[in-house]
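The structure that follows is given in the form of structure tokens.
The values are calculated or read from the model by the stated rules, or taken from the named source; none is laboratory data. Because the structure is a prediction, the values reported are computed rather than measured. Every residue, glycine as well, gets a Cβ built from its backbone with ideal geometry; the counts of neighbours run over all protein chains shown.
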Amino acid sequence: MYEKYKSIIEEAWERREMLADAVVKDAIREVVEAVDKGKLRTAEPVDLENSEWQVNEWVKKAIIMYFPIQEMRTMRGGELEWYDKMELKHDYEKLGVRVVPQAVARYGAYIAPGAILMPSYVNIGAYVDTGTMVDTWATVGSCAQIGKSVHLSGGVGIGGVLEPVQAAPVIIEDNCFIGSRAIVVEGAHICRESVLGSNTVITGSTHIIDVTGEEPVEYRGYVPPRSVVIPGTYTKKFPAGDYGVSCALIIGRRKESTDKKTSLNDALRDFGVSV
């Protein structure tokens with residue numbers, strides 16, 4: 001249905017003067033509306049069993065071009081005032097989403113029925129699936145993909161990756177538990193049922209070291225399914241000497257039989273880690 005807009009979006013991306021054309025504006029707005037309703041995604045799974053995803057570059061292009069065609073305006077809520085181009089999401093009761101006061105989601109972000117937003121922020125292009133809780137002061141960046149029954153704990157920072165358009169956004173798959181103040185950015189991919197301990201930082205270049213075997217196994221920007229991950233350090237040589245550099249350590253795997261609702265504390269204690 002929406003493929004008819006793809007060629008318009010692609011042409012306008014190369015010829016920005018076309019943004020003045022009403023047909024182009026309508027196409028961009030239709031695509032963003034579809035993203036808002038979860039009918040289109042900036043990235044989508046093609047094989048969840050093997051954690052394979054595809055990036056829909058043309059959808060990301062539409063979101064980027066949505067900004068220049070929107071006009072700045074003043075928005076007010078009582079004594080509070082904002083000045084921006086983007087609408088906010090509304091009608092949460094109809095959407096079946098529980099939203100605690102001070103939670104903000106921008107129009108163009110999809111929040112599935114059954115999701116819960118504590119005081120938090122969800123940016124345009126993001127996808128938050130059913131049963132997920134975005135806890136207090138957590139942020140979900142533009143185009144980030146959050147799966148079903150995920151818990152983003154207090155203060156978690158999930159980056160987006162709107163540009164470059166060919167880059168995959170941050171992906172948090174189903175049933176993951178992301179501990180307080182953890183950070184996942186730069187298109188990092190956290191596979192299903194994984195647990196990140198508090199203050200764990202995962203970027204596109206973070207050394208993610210599996211220390212469960214006799215020899216370490218290293219990943220970059222990717223946490224395998226059911227991994228239990230905590231912050232760690234490794235020693236790196238510098239001209240001035242040897243120093244500890246931050247990394248992430250995979251210290252175990254959640255069993256497939258383990259309750260997917262297991263708390264972060266319980267999951268880490270299974271491996272002798274206190275929190």
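Would you kindly identify the strands (runs of 3 or more DSSP E) lying entirely within the stretch 1-96 that contain at least 2 residues that are charged (D, E, K, R)?
Per the criteria, 43-47, 73-77, 80-84.
Shifting gears a bit: Look at the stretch 178-198 and say how many of its residues are among the β-branched types (Val, Ile, Thr) and touching a residue at least 60 places away in the same chain (Cβ under 8 Å). I'd like the intermediate steps shown before the answer.
First pass over the stretch 178-198, keeping only residues among the β-branched types (Val, Ile, Thr): 178, 183-185, 190, 195.
Now restrict to residues that are touching a residue at least 60 places away in the same chain (Cβ under 8 Å): 195.
Qualifying residue count for the region: 1.
Can you find, within the stretch 237-257, the residue that is modelled with the lowest pLDDT among those that are surrounded by 12 or more Cβ atoms within 10 Å (Cβ to Cβ) and not hydrophobic (A, V, I, L, M, F, W, C)?
Arg254
Same structure, new question: Among the residues of the stretch 214-242, what is the count of those that are of a type outside the set (A, V, I, L, M) and either over 25 Å from Glu52 (Cβ atoms) or touching a helix residue (DSSP H, G or I) at 6+ places or on another chain (Cβ under 7 Å) (or both)?
14
Could you tell me how many of the residues in the stretch 159-174 are surrounded by fewer than 22 Cβ atoms within 10 Å (Cβ to Cβ) and more than 28 Å from Trp13 (Cβ to Cβ)?
Of the residues in that region, 1 qualify.
Looking for whichever is within 12 Å of the chain's Cα centre (by Cα), on the phi > 0 side of the Ramachandran plot and β-branched (Val, Ile, Thr) here; the options are Val150, Val161. Which one fits? Don't jump to the end; show me each part of the working.
Values: Val150 fails: on the phi > 0 side of the Ramachandran plot.
Only one candidate qualifies: Val161.
Name the pairs: first residue in the stretch 65-92 and within 26 Å of Tyr127 (Cβ to Cβ), second residue surrounded by 12 or more Cβ atoms within 10 Å (Cβ to Cβ) and among the β-branched types (Val, Ile, Thr), Cβ to Cβ under 7 Å, at least 6 apart or on different chains?
Taking only residues 6 or more apart or on different chains, the pairs are Met65/Ile28; Tyr66/Ile28; Tyr66/Val32; Ile69/Ile28; Met86/Ile124; Leu88/Val104; Lys89/Ile111; Tyr92/Val99.
Further question: Restricting the search to the stretch 123-151, which residues are hydrophobic (A, V, I, L, M, F, W, C) and touching a Phe, Trp or Tyr at 6+ places or on another chain (Cβ under 9 Å)? If you could, list the steps in order and put the result at the bottom.
Restricting attention to the stretch 123-151, the residues satisfying the condition of being hydrophobic (A, V, I, L, M, F, W, C) are 124, 126, 128, 133-134, 137-138, 140, 143-144, 146, 150.
Correct list: Ile124, Ala126, Val128, Val134, Trp137, Ala138, Val140, Cys143, Ala144, Ile146, Val150.
Ala103 passes all but one of (1) of a type in the set (A, V, I, L, M); (2) in contact with a strand residue (DSSP E or B) (Cβ under 7 Å, 6 or more places away or on another chain); (3) in contact (Cβ under 8 Å) with a residue 60 or more places away in the chain; which number fails?
The one condition Ala103 does not meet is (3).
Condition check: of a type in the set (Lys, Arg) and surrounded by 10 or more Cβ atoms within 10 Å (Cβ to Cβ). Does Lys61 satisfy that? Give the steps one after another, and end with the answer.
Numbers: of a type in the set (Lys, Arg): yes; surrounded by 10 or more Cβ atoms within 10 Å (Cβ to Cβ): yes.
When the stated conditions are applied, Lys61 passes them.
I need a count of the residues in the stretch 27-58 that are surrounded by 13 or more Cβ atoms within 10 Å (Cβ to Cβ) and over 22 Å from Val161 (Cα atoms).
Residues flagged as surrounded by 13 or more Cβ atoms within 10 Å (Cβ to Cβ) and over 22 Å from Val161 (Cα atoms) within the stretch 27-58 amount to 1.
Give me a count of the residues in the stretch 178-204 that are touching a strand residue (DSSP E or B) at 6+ places or on another chain (Cβ under 6 Å), of a type in the set (S, T, N, Q) and farther than 14 Å from His151 by Cα.
2
Considering only residues that are in a strand (DSSP E or B), farther than 16 Å from Val195 by Cβ and small (Gly, Ala, Ser), which ones fall in the stretch 219-238? Even if it seems obvious, please write down each step before you answer.
So in the stretch 219-238, the residues in a strand (DSSP E or B) come out as 219-220, 222-223, 227-238.
Then drop every residue that is not farther than 16 Å from Val195 by Cβ, which leaves 220, 233-238.
Within the stretch 219-238, none qualify.
Something else now. Check off (1) within 17 Å of Gly157 (Cα to Cα); (2) buried (at least 17 other Cβ atoms within 10 Å of the Cβ) for Ser205 and give me the number that stays unchecked.
In the conditions (1) within 17 Å of Gly157 (Cα to Cα); (2) buried (at least 17 other Cβ atoms within 10 Å of the Cβ), Ser205 misses (2) alone.
Can you go through Tyr107, Tyr121 and tell me which one is more than 9 Å from the chain's Cα centre (by Cα), surrounded by fewer than 24 Cβ atoms within 10 Å (Cβ to Cβ), under 14 Å from Val35 (Cβ atoms) and not small (Gly, Ala, Ser)? Full working, then the answer.
Working: Tyr121 fails: under 14 Å from Val35 (Cβ atoms).
Going through Tyr107, Tyr121 in turn, the sole match is Tyr107.
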